[in-house]
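All remarks here apply to the structure that follows.
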Amino acid sequence: MRVIVLLLLLALATPCVGQNELLAKNYFDRGEYDKALSLYDKLYSKNPGRLDFFLYIIQSNQQLEKFSVAEEMLIEKLSGRRVIPQLYVELGYNYSLQDKDSLSQVNYRKAIEYTFENPVYAYSIGKSFEEYSLLDEAVEVYESAMDRDPNKDYNVQLARIYGELGKLEEMFDTYLNLMQSNPAYRSIAKRNFSQYVTEDPTNEANVILRKTLLKKSQSNPDVLYNELLSWLFIQQKDFKKAFTQEKAIYRRAQRDLTGIVDLALIAMGENEYESAREIVDFIIENAPTIQAAMQGQQYRMKIMLDTAQPKDYPRIETEFENLLESFGKNGNSYGLQLDYNHFLAFQAGKKEKAIANLKILANEELSIYQQARVKMELADILVFDEKFNQALIYYSQIQKKVKNDVLAQEARFKVAKTSYYK
């Protein structure tokens, strides 16, 4: 019976502790340190094993400039049977807040020396140094722990700190080693590189990263370094150099065109048409399937359209017709046909021809989504031709065909616009 009563009391008490904890944190975050301190004192008295409560008490006292109270609490805690060496960092920081630099350094050294004796403390002590922006001390902790225990790996922490300290070469080198050992770090590393790399190829970080990658690729010709060089050149908008790297990757990575296709799209998006043409020609020449070749031709035609003058339209129409004759006017070439008929309607001034073509295409064997795309293009042209009633029929059909798709939402919006125009 006693056990049951105890369990009930604990169950009732737990939500109260949780609520008080949230309230205390809220007071602390809002800078109401008196209120936070009062609550954390109560919470800690009931939960003396909670180090986070203890640290919030220390920090609240520091914010209230009760440094001697914080000092006494820290010394008492450090004198206990269970030593928590990261508290030497807290004590050192408490002294630094009072401009007692010599005492703060003594305690920082004590914390660091604990990691020499036992590297297991390195993470908590290093993290404490990081929280107070004591980065040189954090580096010493992590590096010495790894030297003493080969099983410890603090390269992720070190790479980030090297960057913050402006040690770019060490940062890049550490991230590259991480990427080599675990591909999962590639996106993390690129995200961090983006904080330092700019469009300017003479920027210090750009120069160091390029040199580091070239040096590593000479000693170890890993495709990773080509990928990162390509990424660097893309940031610099130097698409020709990026293309050189992507071709090297293509030749070594089982002839996969994915990276080259992505580069073509980026170059087109940046209106770098000269480079884009060269890349697209490579895609067409090396396309492993008819579908890939057709996609390459679509990109080529898009570049042609983006750079065309009205005098070029007859030649472009002939180009489209020749391609469709080669690939066939069927469901397989529906994307190319969409581009062609969009050009006819909105640039070449041949709306009726485009409408007739799209009505034929809509009757081909297409997926539901492809049919919806064709009808969307057809309805857009009908609106452009001021045939509002016909356009509304097609927009309504799209909403029924792909109910939960973004395309249905777009069609709903266009119904409202078309009704307004009408």
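Listed values, structure above:
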read-out: 0 to 90° range, to nearest 10: angle between helix 290-306 axis and the chain longest Cα axis; value: 90
read-out: Cα-based convex hull volume of segment 86-205 per residue, rounded to whole Å³; value: 114
read-out: Cα pair distances of segment 273-422 binned at 5 Å [whole percent]; value: 2, 9, 18, 18, 19, 15, 12, 5, 2, 0
read-out: 5 Å-binned pair-distance histogram of segment 136-288 (Cα, whole percent); value: 2, 9, 17, 18, 18, 14, 10, 6, 4, 2, 1, 0
read-out: Selected from Asn47, Tyr33, Gln180, residue furthest toward positive end of dipole (the chain; charges at beta carbon); value: Asn47
read-out: Student exercise, the chain dipole from Lys, Arg, Asp, Glu Cβ charges, in Debye to nearest 20; value: 1620
read-out: Segment 357-422: Rg to Rh, with Rh as the Kirkwood radius over Cα pairs; value: 0.95
read-out: Prolate/oblate/rounded label for segment 208-259 (Cα gyration tensor, a/c 1.5); value: oblate
read-out: Segment 16-148, Rg to Rh (Cα coordinates; Rh as Kirkwood inverse mean 1/r); value: 0.99
read-out: Qualifying trypsin sites (Lys or Arg not before Pro) in segment 357-413, DSSP loop, other Cβ atoms within 10 Å at most 11; value: Lys403
read-out: Subset of Lys375/Lys414; Lys167/Lys240; Lys311/Lys375; Lys351/Lys403 violating a 19 Å alpha-carbon distance limit; value: Lys167/Lys240; Lys311/Lys375; Lys351/Lys403
read-out: FRET efficiency, Lys353 to Asp256 (Cβ-Cβ, R0 41 Å, nearest 0.05); value: 0.60
read-out: Value of relative contact order over the chain, rounded to a whole percent, pairs C-alpha under 8 Å and six or more apart; value: 5
read-out: Kirkwood Rh in Å, taken over segment 140-210 so that all alpha-carbon pairs contribute; value: 12.7
read-out: Hz values of 3J(HN,Hα) by residue in segment 210-227 - Karplus curve (6.51, -1.76, 1.60), Gly and Pro given as x; value: 4, 5, 4, 5, 5, 4, 5, 5, 6, 7, 8, x, 8, 4, 3, 6, 5, 4
read-out: Estimated [θ] at 222 nm from DSSP helical runs (n ≥ 4, -39500 (n - 2.57)) normalised by residues in the chain, nearest 500; value: -25000 deg cm²/dmol
read-out: Convex hull volume per residue for the chain, taking Cα atoms only, in Å³; value: 278
read-out: Cα point-scatterer Debye curve for segment 44-99, base-10 log of I(q)/I(0) at q = 0.16, 0.31 Å⁻¹; value: -0.44, -1.43
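Readers should treat all values here as calculations from the given coordinates under stated rules, not as data from a laboratory. Remember, it's a predicted structure, so these values are computed and weren't measured experimentally. All Cβ positions, even for glycine, are placed from backbone atoms using ideal geometry, and neighbour counts span all protein chains on display.
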